[in-house]
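Engineer: I am attaching a structure below and will ask some questions about it afterwards.
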Amino acid sequence: MLLSNRRKILAGFGALSITAACGFSPVYGPNGAGRALRGAVRADDPVSRADFQFVSAFEDLLGRPNGARYALAYTITQTEVEAGDIQNIGATRVQLFGALDFVLTDMNTGSEVATGQVANNTTYSTTSTQLATLTAAEDAELRLMRILAEALTTRLYTEPGLAPA
């Protein structure tokens, strides 16, 4: 019993040395990207409800910009696809696809730090009243914008070259 515990401990030390050798560092560690981005990214001003929801969720994750070091330009596209058709009723589910194209720019140098796209989807039901369907559609859009904000934040955390100022 004691021997098996020692093996687990030794295996754990081995795993730690392997992750340290490959350049692993915690996001919120002393030189992590989490500290570099906290309060340092200013997103473009929102112009639509989806933009507002995205920026709000993004600022919830990274904090409101305070002496922003990076500028985030983004474009959100959404597509609805009807699913679950029932004869004489129509679609009972709608799948909402969203994609966010982004460019993160260093405001001091004007150079692009990161660029790319994140995408995801969510669904909602249309089987109730018009009000319930509209509410479900708005909620699905809000969920999608939060998902895209989380995906973008995770993507930025893994970008090389982002370090605290």
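The values are calculated or read from the model by the stated rules, or taken from the named source; none is laboratory data. Computed from a predicted structure; not experimentally measured. Calculation scope for accessible area: heavy atoms of the full protein, side chains included, ligands and nucleic acids excluded. Shrake-Rupley method; radii C 1.70, N 1.55, O 1.52, S 1.80 Å.
Engineer: Which ³J(HN,Hα) values in Hz, rounded to whole numbers, follow from the phi angles of region 72-83 under the Karplus curve 6.51 cos²θ - 1.76 cosθ + 1.60, where θ = phi - 60° and Gly and Pro get x?
Structural biologist: With the stated coefficients, region 72-83 comes to 10, 9, 8, 9, 10, 10, 10, 9, 9, 10, 6, 9 Hz.
Engineer: Quick one: accessible area per residue over region 71-165, 1.4 Å probe, rounded to a whole number of Å²?
Structural biologist: 56
Engineer: Would you please give the residues with an amide H less than 5 Å from that of Met107, counting only those at least 5 places away or on a separate chain, with H modeled from the backbone geometry?
Structural biologist: Tyr70, Ala71
Engineer: Please work out whether region 25-165 counts as rounded, prolate or oblate from its C-alpha gyration tensor, where a ≥ b ≥ c are the square roots of the eigenvalues and a/c under 1.5 means rounded, while otherwise a/b larger than b/c means prolate and anything else oblate?
Structural biologist: prolate
Engineer: Expressed as a whole percentage, what fraction of the accessible surface of region 64-145 belongs to carbon and sulfur atoms when a 1.4 Å probe is rolled over the protein heavy atoms?
Structural biologist: 48
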